[in-house]
Amino acid sequence: MENPNLEKIRLIKSRHEHQWMTVKEVQAVGIGVLKKGENGIIISVDKCNESLISKIPAEIDGVHIEIVERGGFKAL
């Protein structure tokens, strides 16, 4: 049986992913284990700044969101 919390995370991700991907610095939106050890949404960005942080909430409906600075992606 699937974790009901995971289904909630997927639903929140699907509702907000398009909006987050319109933010210039955002490179990817995924689901994974956060630094605190819980499941949540991980938003990978080129560079984190105050403007970006103000556009992405830390939590939605009890689901935590973590912004991770990855630097630029380059195609091979």
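The values are calculated or read from the model by the stated rules, or taken from the named source; none is laboratory data. Please read all numbers here as calculations on a predicted model, not as lab measurements. Cβ atoms come from the backbone with ideal geometry, glycine included; neighbour counts cover every protein chain shown.
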Scope region 63-76; condition of a type outside the set (D, E, K, R), part of a loop (DSSP other than H, G, I, E, B) and in contact (Cβ under 8 Å) with a residue 24 or more places away in the chain; matching residues: GLY71, GLY72, PHE73
Any residue at all in region 47-64 that is polar (S, T, N, Q) and closer than 15 Å to ASN5 by Cα? no
Just give me the residues in region 25-51 being more than 14 Å from ILE65 (Cβ to Cβ) and without any contact (Cβ under 8 Å) to a residue 12 or more places away in the chain, in sequence order. GLY37, GLU50, SER51
Just checking, does region 24-34 include any residue being more than 13 Å from the chain's Cα centre (by Cα) and farther than 18 Å from GLY72 by Cβ? no
Failed item, numbered, when GLU66 is tested on (1) surrounded by fewer than 14 Cβ atoms within 10 Å (Cβ to Cβ); (2) among the charged types (D, E, K, R); (3) modelled with pLDDT of 95 or more: (1)
Within region 18-55, how many residues turn out to be surrounded by 11 or more Cβ atoms within 10 Å (Cβ to Cβ), β-branched (Val, Ile, Thr) and not in a strand (DSSP E or B)? 2
